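To keep things clear, I will list the structure first and then write my remarks on it.
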Amino acid sequence: MNTPAKTIPIQKVDDHQPEGAACHAGEKTLLAAAQAAGKSDILERYALDYPKGPHDQPQSMCPAFGSLRVGLRMSRTATILSGSACCVYGLTFTSHFYGARRSVGYVPFNSETLVTGKLFEDIRDSVHAQADPEKYDAIVIINLCVPTASGVPLQLLPKEINGVRIIGIDVPGFGVPTHAEAKDVLAGAMLKYARHEIMSGPVQAPKKGRQQNPTITLLGEMFPADPMGIAMMIEPMRLSVGCSVPTREWRELYAALDCSVVAAIHPFYTASIREFEAAGRPIVGSAPVGVEGTNDWLQNIGHSSGVSQALIDEAKNKCLPIIKNVLSEQKINGRITLSGYEGSELIVARLLVECGADLRYVGSACPSTPWNAHDAEWLKSKGVQVQFRASLEQDLDAVQAFKPDLAIGTTPVVQYAKEACIPSLYFTNLISARPLMGVAGAGSLVQVVNAAIGNQSRFNKMKAFFGAVGHGDSSGVWMEKPVDRPEFRAENKRQLEKKIKLRKAQEMG
Ligand code: SF4
């Protein structure tokens with residue numbers, strides 16, 4: 001338990017990684033093509049908003065899933081994809097896997113319709129056919145990699161048809177590194193549209209009318225109980241929780257912009273924050289997690305909202321002792337590494353540390369921003385290595401180096417840990433999808449983490465029983481005992497190296 005924290009060097013992931021090559025192989029070509037096709041402005045914007053890291057390609061699911069999910073979760077909103085059929089198949093599969101229960105529109109193309117510009121006409125026709133104000137407030141069209149690289153000009157679509165708003169966005173894997181940031185691409189585009197509507201005249205009021213207290217807009221998808229918990233914490237300051245962005249319906253965008261302060265609970269919503277700042281709204285980073293996190297957050301929210309120190313103290317005095325009490329009653333006993341691509345990794349890490357965990361490493365596929373800088377500093381001061389834009393290789397190195405009692409991570413990290421006989425938990429489904437804020441958050445993590453750590457003996461038993469059976473290239477079902485073939489391996493390596501050399505020569509030529 002007392003191994004000193006150490007720093008894992010950042011690796012430059014080289015071209016010798018065959019994994020993921022399907023989406024990524026032609027990145028430079030696609031980027032150059034998109035620039036040549038008139039997408040330079042949008043790609044430059046993305047490069048600033050979503051700076052790349054040691055790896056320059058998504059290492060998790062297709063980023064466009066983030067935008068698709070935001071569109072599909074909004075009522076009275078149609079979402080149409082424009083891209084290769086294989087990409088659309090994967091995206092619709094994933095959206096239904098996550099319970100979308102909504103139709104996804106698709107405008108197919110072939111080389112001819114792409115090159116001649118007919119694809120754009122097809123998209124325009126399909127948007128006109130869909131634009132029924134009885135059914136929809138908005139239609140979202142998402143250009144995937146190939147149409148973006150080919151310069152399909154969604155910005156030339158009408159801004160509105162029959163009163164239905166038309167939002168066209170480019171979400172290429174070579175411009176938007178994670179699906180988390182792709183949520184921001186659509187949320188930001190919608191906020192921009194809504195902000196201009198507000199500036200042009202009266203807009204719809206919220207369904208239940210405007211709140212009496214000044215409101216706090218919450219930025220980021222979070223567990224449904226968390227906004228309620230936050231509402232209770234800020235109530236003594238005479239503040240209310242407003243809408244969460246991404247919103248569930250169009251008119252909530254107006255209410256979100258009509259707030260007194262924006263809480264960037266998830267810190268990667270750069271384009272959305274730009275719109276809130278343009279509307280003159282102050283932004284507060286981090287989240288009310290644990291005692292210290294909640295104390296800082298309440299102070300910053302109260303201060304930014306112009307609340308008196310007496311009321312801020314009242315809010316703190318009401319919840320901090322309870323959180324402290326919950327945290328003192330139960331502790332996490334064990335060393336942990338944590339990695340994920342949801343963007344909420346740092347606030348979870350803070351909570352783990354306050355729950356007593358010996359946390360050594362937190363890797364986030366999302367970038368460092370002004371809104372998570374404080375969390376990063378806090379974690380570093382506790383001896384935790386913080387890695388933004390973490391690559392899968394760095395996350396795996398952390399598990400190998402720190403030999404944790406529990407590895408919390410993405411699917412491949414969890415798989416790696418399990419193979420190494422280390423208990424593990426999948427971050428997205430088992431950690432980020434639970435209450436994290438305030439009192440509820442303090443109580444929610446300890447049980448699941450300690451239960452997972454307690455599984456070590458089961459892992460040991462399984463390892464002892466199965467031994468090396470089914471490991472590496474001898475895994476699977478065999479009719480005979482697998483025979484090692486080092487000569488095949490050498491030949492395969494030679495072929496791979498040849499391919500890499502050829503690709504490099506083509507790139508240089
Ligand atoms: S849209 Fe791009 S990143 Fe997404 S699956 Fe297709 S090729 Fe990959």
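Scanning the range 279-300 for residues that are hydrophobic (A, V, I, L, M, F, W, C) and within 24 Å of the chain's Cα centre (by Cα) returns I283, V284, A287, V289, W297. Scanning the range 153-172 for residues that are closer than 25 Å to Q204 by Cα and not in a strand (DSSP E or B) yields L157, P158, K159, N162, G163. If the condition is being among the charged types (D, E, K, R) and either in contact (Cβ under 8 Å) with a residue 60 or more places away in the chain or on the phi > 0 side of the Ramachandran plot (or both), then the range 273-311 contributes R274, E275, R281, E292, D296. Of all residues in the range 421-449, exactly one satisfies the criterion of being in a helix (DSSP H, G or I), surrounded by 20 or more Cβ atoms within 10 Å (Cβ to Cβ) and polar (S, T, N, Q), namely S444. Take the conditions (1) modelled with pLDDT of 95 or more; (2) surrounded by fewer than 24 Cβ atoms within 10 Å (Cβ to Cβ); S328 misses just one of them, which is (1).
Let's see how each residue does on (1) away from the ligand (no atom under 16 Å from the Cβ); (2) farther than 17 Å from S344 by Cα; (3) modelled with pLDDT under 95:
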| residue | (1), (2), (3) |
| --- | --- |
| P172 | no, yes, yes |
| L186 | no, yes, no |
| R195 | yes, yes, no |
| R210 | yes, yes, yes |
| P224 | yes, no, yes |
| M237 | yes, yes, no |
| V241 | yes, yes, no |
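For the residues E197, E221, E249, the requirement of being out of contact with any helix residue (DSSP H, G or I) (no Cβ under 9 Å at 6 or more places or on another chain) and either touching a residue at least 12 places away in the same chain (Cβ under 8 Å) or within 20 Å of L298 (Cα to Cα) (or both) singles out E249.
Find all pairs meeting these conditions: Cβ atoms under 7 angstrom apart; at least six residues apart or on different chains; first residue within the range 327-350 and charged (D, E, K, R); second residue surrounded by fewer than 20 Cβ atoms within 10 Å (Cβ to Cβ) and part of a loop (DSSP other than H, G, I, E, B). Pairs found: K331/G356; R335/M1. Of all the listed residues (S111, S150, S67), the sole one being modelled with pLDDT of 95 or more, closer than 24 Å to Q35 by Cα and among the polar types (S, T, N, Q) is S67. Counting only helices (runs of 4 or more DSSP H) that fall entirely inside the range 60-152 and contain at least 2 residues that are out of contact with any Cys (no Cβ under 8 Å at 6 or more places or on another chain), in the same structural domain as I167 (by TED's automatic domain parsing) and within 11 Å of the ligand (Cβ to nearest atom), the qualifying elements are 64-72, 85-97, 145-149. Just one of the listed residues (T217, T178) is crowded, with 23+ Cβ neighbours inside 10 Å and within 16 Å of the ligand (Cβ to nearest atom), namely T178.
The values are calculated or read from the model by the stated rules, or taken from the named source; none is laboratory data. This one's a predicted model, so the numbers in the text were calculated from it and none came from an experiment. Cβ atoms come from the backbone with ideal geometry, glycine included; neighbour counts cover every protein chain shown.
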